[in-house]
Amino acid sequence: MHVPFFTFRDFPVGLQQRVEEALLTELRKNQLILGPSVTGFEQEFGRYLGGREVIGVGNGYDALVLSLRALGVGPGHDVVVPANGYIATINAVQQVGAKPVFAEPDSQTYNITAATVLPVLTPRTSVILPIHLYGQSCEMEELLHLCQSHNLKLVEDFAQAQGALYNGKPVGTFGKVNATSFYPTKNLGAVGDGGAVVTQDSGIASWVRQHHNYGQSRRYEYAQAGVNSRLDSLQAAVLSVKLSCLDVLNTERKRLAAIYQQALAGVGDLCLPWVVSTGTDHIYHLYVIRTSRRDALQEFLQKKDIQTLVHYPVPPHFQPAYRQLGYRRGDFPLTEELASTSLSLPLFPGMTELEQACVIEQIQHFFG
Ligand SMILES: *Cc1c(COP(=O)(O)O)cnc(C)c1O
């Protein structure tokens, strides 16, 4: 049986039609850039996040760059990022001229924590930039304390965790300014590129609002030299529809994860996602297991037509593009181990019982 790693299904039923209708309606409005649908979505997402200002931008990478620039981060600044994170986050730090400094993740959650960040702080550190990796919220309280005691700013990358909570509050609301992506496969995904900057600071919000649209303060008046990074209206219209279902979509992901969790417990040497500690939450953007036989398992599943992926097979400090950071093989043992043992299983809203049973059965069979 063919099991895709990810695909769009009509879940909850009717979503597909609502998305198609929203696109057509938007197209006919003929206000494709910075129209009322963009403002509408920004306000809805801001309300969802408990009253925040949201600025729609071109993609998640731009959201990160704009967030850092809004804080004045640049040359001479160190920014702490997860050693096992996604490349976009590290690249954004370099883009503004600052230096990415890597912290190892926690061995159970794969997220950076106050304990793993503390040893890498330098006199130049100005920002801690955690990623809520795979959809699991970081332990924010300790990270916030660390920021307070060292006079640092916190910027969340919540591209993989829209709707995940920490102590009952959605992630993306803890940092001074926060960034997310609406890349189609994210939990809140558009039908193309998109992203957003989120903040409670009205000064930062107005700076980003100007800067992302060429620095325009009024029509034909430019207060600063900005960039072009806008969320387009077609994406905003789709995102409004998807946002109305986000909690339902995340609940479905959690339900599927719980089935894996139960069926795969104790199978072979599998290490399953850490079942959430008090305060944190996991919305399973990715369901990542670990095994010392990762490559063999992936190949076995591929032969049975079950698609899996590895997030991420090569640690950032092994990448030629980041060699100048001066890190070496062995500097981040846990990150390196994760890269060789992690495997992401198929999990998406609308995945059928039969498909999931097939994945489980084949994994059990492999470890026989
Ligand atoms: C997807 C993602 C991004 C980048 O988003 P784009 O919209 O593709 O630029 C950044 N950080 C993390 C953690 C992501 O998962």
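The values are calculated or read from the model by the stated rules, or taken from the named source; none is laboratory data. Not measured: the values here are computed from a predicted model. Note that we place each Cβ from the backbone using ideal geometry, even for glycine, and neighbour counts take in every protein chain shown. Side chains are part of the model used for accessible areas, which takes the heavy atoms of the whole protein and leaves out ligands, DNA and RNA. Shrake-Rupley method; radii C 1.70, N 1.55, O 1.52, S 1.80 Å.
Of all the numbered requirements in (1) part of a helix (DSSP H, G or I); (2) of a type outside the set (Lys, Arg); (3) touching a residue at least 12 places away in the same chain (Cβ under 8 Å), Gln302 misses one, and that requirement is (3).
Exactly one residue out of Tyr183, Tyr166 is within 20 Å of Gly85 (Cα to Cα), assigned by TED's automatic domain parsing to the domain that holds Arg52 and near the ligand (Cβ under 8 Å from one of its atoms): that is Tyr183. Within segment 238-257, does at least one residue satisfy the condition of being over 30 Å from Gln356 (Cα atoms) and within 15 Å of the ligand (Cβ to nearest atom)? No, segment 238-257 contains no residue that is over 30 Å from Gln356 (Cα atoms) and within 15 Å of the ligand (Cβ to nearest atom).
Picking from residues in segment 30-80 that are within 16 Å of the ligand (Cβ to nearest atom) and open to solvent by 20 Å² or more (accessible area, probe 1.4 Å), the one that is farthest from the chain's Cα centre (by Cα) is Arg69. Just to be sure, is Tyr86 within 13 Å of the ligand (Cβ to nearest atom), more than 20 Å from Phe174 (Cβ to Cβ), within 13 Å of the chain's Cα centre (by Cα) and hydroxyl-bearing (Ser, Thr, Tyr)? It is false that Tyr86 is within 13 Å of the ligand (Cβ to nearest atom), more than 20 Å from Phe174 (Cβ to Cβ), within 13 Å of the chain's Cα centre (by Cα) and hydroxyl-bearing (Ser, Thr, Tyr).
Considering segment 110-138, and only residues there that are more than 15 Å from the ligand (Cβ to nearest atom) and closer than 21 Å to Glu337 by Cβ, the residue that is surrounded by the most Cβ atoms within 10 Å (Cβ to Cβ) turns out to be Val117.
In this entry, Leu188 passes the filter for residues that are out of contact with any Asp or Glu (no Cβ under 8 Å at 6 or more places or on another chain), open to solvent by less than 10 Å² (accessible area, probe 1.4 Å) and not in a helix (DSSP H, G or I). In this structure, does Leu144 turn out to be surrounded by fewer than 19 Cβ atoms within 10 Å (Cβ to Cβ) and either over 18 Å from Val79 (Cβ atoms) or within 17 Å of the chain's Cα centre (by Cα) (or both)? For Leu144, the condition - surrounded by fewer than 19 Cβ atoms within 10 Å (Cβ to Cβ) and either over 18 Å from Val79 (Cβ atoms) or within 17 Å of the chain's Cα centre (by Cα) (or both) - is not met.
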